[in-house]
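Notes follow the structure.
None of the figures in this text is laboratory data; all of them are computed from the coordinates on show. Here the structure is a predicted model, which is why all the values come from computation and not from measurement. Cβ atoms come from the backbone with ideal geometry, glycine included; neighbour counts cover every protein chain shown.
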Amino acid sequence: MSSTVPVAKSLADIYPSAALINEGPRWNTLLTTFEKVYGHKANFIARSPGRVNIIGEHIDYSLYSVLPMAITADAIMAVSTTPTADGASTFKVRIANVEGSKFSANEFDVPISTGVEIDATQFEWTNYFKSGLRGALELLRKKHGEGFKASNMEIMVDGTVPVGGGLSSSAAIVTTSALAVMKANGQDRVDKKDLTELAIVSERAVGVNSGGMDQAASVFSEQGSALFVSFSPLLEARTVKMPPTNPELCFLIAQSFVTANKHVTAPIHYNLRVVEVSLAAAYLNAALNPPGTQLPEDAGPLRISLQGFHDTYFYYANTSDYSAAKSLSKEEELEKLVEVTKETLTQEEGYTREEVAKILNMTVEELDSRFMSKITVRAERFKLRQRALHVFTEALRVLKFFTLLERPLHTGASDTTPFNQELGSIMNETQESCRVLYENSCPENDNICRVALLAGSYGSRQTGAGWGGCTVHLVPVNKVEDVKAALQREYFSKLKLTEEQKEQAMVVSKPAGGSALYVVES
Ligand code: NG1
Ligand code: MG
């Protein structure tokens, strides 16, 4: 896998062939709109896609591996640059959107030394650009030191990832923005890992304390493959091909049209889960590791993760057990962690601040300041048992799914139905775990999954953060029409959808490529 963002020669390098018929005209419109608005040609286009997560939900911020794939829908930005005068302390950004009536144009001056201010309390579409810009500037200043001179930028944006739909429109636009700023400032070879890491940190600055799955999927994906992403000990991504099956499989993506506004609900949904799993890690550490064990500081939002506990637990496992622990596979370790979690975190009803503080040997004020000052949450009780059980079992499901894809046992079989069913049932278990243990599903998503399974899907689950958003279904190609018809009849026909929503409601997406640059011929 190349380590720098590729420069595409043609759109066929980026999109699956079926998508080219729409994407060609769309890229042309981007360039002609750019010229109409700014009166000259763009120099280059930056592009990063949305993603669908195949398996591994809500475990990236606990630093467990996940398995997403990039989709065709993406953000594209046409850009032209001009140098700033010698000694200038600011540079100018003009930014507009092809859908000018929905997203109004904006321009602002950026202080080179401090970057741009972002008001995260205002929901403004250019905030995502600004957050990518800020991250990229930081990296550029680090690379070039004080003498760094930034260029003025003129930008035209077009995005096709539905907003609030669980397909990560935010990561698509933040990574595209950061990539555009890097390229505009002379970085022709942008390191994928640098880009991913800066996009993760940048996106946290706009309000949600996410893991790094979306940004990694957006940057690293390659056409035709899913992506196995690991976060610990270091960020790593490798492509995974779907093995040939009979019947052939595809992923159907179905929207629920329940919009999860993460920025508003974060204190009771997403960010609360981030806090809960860190509390669970701290609790298990205090209860099970030798007294005084510090969990390793890691790259998770709260710098303490269940993966960190996992590592120390098997490292310290009583000396008598140690050699046994050493010989366990990753799968066996996770099974063991499920067992000890059940024995240790026994309170189904959750834990109060007082209860957690007590075992951590700190005051409630100290607990608040350590875990809840950076991230605001609203809760009386923290369901540590359920959340930790979801994370450990989900991490195990990812490994099982990945192993099946890498080593399909059916080589040569004329009918792979049992194999297909096995993949599907792992996805179904994820949905059940999200519904019951992580409590991030919603009745609409449960219903969509039920209908799809009855109509012939092997595996159905919500994908992404949940509480609405989007679902993904592993469907044999010869059943796609049946599943679509059933969903149409039982779900979509009961909603009042706009024409645009009708188009987005159900999509079969082949894995697309990740971030790319395209240089416009002058
Ligand atoms: P969505 O909301 O689908 O973009 C979020 C997080 C991911 C991951 C999933 C749950 C952001 C930007 N992304 O995805 O990192 O934690 O939820 O698996 O919040
Ligand atoms: Mg998002």
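Using only alpha carbon positions, build the gyration tensor of segment 256-406, then give the equivalent ellipsoid semi-axes as the square roots of 5 times its eigenvalues, largest first, whole angstrom. Could the numbers behind the result be given before it?
Values: eigenvalues 137, 94, 34 Å².
They are 26, 22, 13 Å, listed largest first.
Summarised in one figure, the compactness ratio Rg/Rh of segment 424-489, Cα atoms and Kirkwood Rh, is 0.96. Rounded, prolate or oblate: which fits segment 412-453, taking a ≥ b ≥ c as square roots of the Cα gyration tensor eigenvalues, rounded meaning a/c under 1.5, else prolate when a/b beats b/c? Oblate, because a/c is 1.5 or more while a/b does not exceed b/c. Based solely on its DSSP helices, what 222 nm [θ] is calculated for the chain when runs of n ≥ 4 H residues each add -39,500 (n - 2.57) and the sum is averaged over all residues, nearest 500 deg cm²/dmol? Only helices count here, giving -13000 deg cm²/dmol. Since only 168, 213, 157 are under comparison, the one whose Cα sits farthest along the positive direction of the charge dipole of segment 148-245, derived from C-beta charges on Lys, Arg, Asp and Glu, is 213.
Over all distinct Cα-Cα pairs of segment 336-458, the Kirkwood formula returns a hydrodynamic radius of 17.4 Å.
Rounded, prolate or oblate: which fits the chain, taking a ≥ b ≥ c as square roots of the Cα gyration tensor eigenvalues, rounded meaning a/c under 1.5, else prolate when a/b beats b/c?
oblate
In summary, the lysines within cross-link reach of residue 510, defined as a Cα separation below 19 angstrom excluding same-chain residues under 8 places away, comprise 241, 479, 484. Projecting the Cα positions of 177, 127, 42 onto the charge dipole of the chain (unit charges on Cβ atoms of Lys, Arg, Asp and Glu, taken about the Cα centre) puts 42 furthest along the positive direction. Let me know the shape class of segment 392-522, please: from the alpha-carbon gyration tensor, a ≥ b ≥ c as square roots of the eigenvalues, rounded when a/c is under 1.5, otherwise prolate if a/b is greater than b/c, or oblate. Rounded.
Using the Cβ of residue 168 as centre and a radius below 14 Å, the other residues enclosed give a net charge of -3, where K and R count +1 and D and E count -1.
Please identify the GluC sites (Glu not before Pro) of segment 1-69 that satisfy two criteria: DSSP loop assignment and at most 10 other Cβ atoms within 10 Å. Which are they? Working shown, then result.
Values: sites: 23, 35, 57; in loops: 57.
Answer in residue order: no site qualifies.
For residue 92, the lysines whose Cα falls under 27 Å of its own Cα, not counting residues fewer than eight places away in the same chain, are 36, 41, 102, 130, 142, 143, 149, 183, 192. If you find the alpha carbon centre of segment 1-49 and of segment 246-281, how far apart are they in angstrom? Result: 30 Å between the Cα centres.
Residues with beta-carbon under 12 Å from that of residue 131, excluding residue 131: net charge, scoring Lys, Arg +1 and Asp, Glu -1? Taking every other residue near residue 131 into account, the sum is -2.
For residue 226, what charge total do you get from the other residues with a beta carbon under 13 Å from its beta carbon, if Lys and Arg give +1 and Asp and Glu give -1?
Working: positive: 51, 238, 241, 510; negative: 222, 406.
Net charge in that neighbourhood comes out at +2.
Karplus-based coupling profile of segment 215-224, in residue order and whole Hz: 5, 4, 5, 5, 7, 8, 4, 10, 3, x, with θ = phi - 60° in 6.51 cos²θ - 1.76 cosθ + 1.60 and x standing for Gly or Pro.
Quote the charge dipole size of the chain about the Cα centre in Debye, to the nearest 20; the model charges only the Cβ of Lys and Arg (+1) and of Asp and Glu (-1).
On the way: 51 positive and 61 negative charges, 125 e Å.
Here the size comes out at about 600 debye.
Working note: Karplus 6.51/-1.76/1.60 with θ = phi - 60° gives segment 329-342 the couplings 7, 4, 4, 5, 4, 5, 4, 5, 5, 4, 4, 5, 5, 4 Hz, where Gly and Pro are set to x.
Each residue of segment 512-522 was assigned a 3J(HN,Hα) from its phi angle through the Karplus expression (A = 6.51, B = -1.76, C = 1.60, θ = phi - 60°), giving 9, x, x, 3, 8, 10, 9, 8, 7, 5, 8 Hz with x at Gly and Pro.
Can you quote the Å³ per residue value for the convex hull of the Cα atoms in segment 56-181, rounded to an integer?
Numbers: hull volume 16.8 nm³, N = 126.
So the per-residue Cα hull volume is 133 Å³.
Rg over Rh for segment 176-218 works out to 0.99, both radii taken from alpha-carbon positions and Rh defined as the Kirkwood radius.
Calculated FRET efficiency, residue 335 and residue 494, Cβ-Cβ r, R0 56 Å, to nearest 0.05?
Details: r = 42 Å, r/R0 = 0.75.
For residue 335 and residue 494, the calculated efficiency is 0.85.
Check which residues have an amide H placed less than 5 Å from residue 211's amide H, if you skip close sequence neighbours. Close amide H contacts, sequence-distant or interchain: 61.
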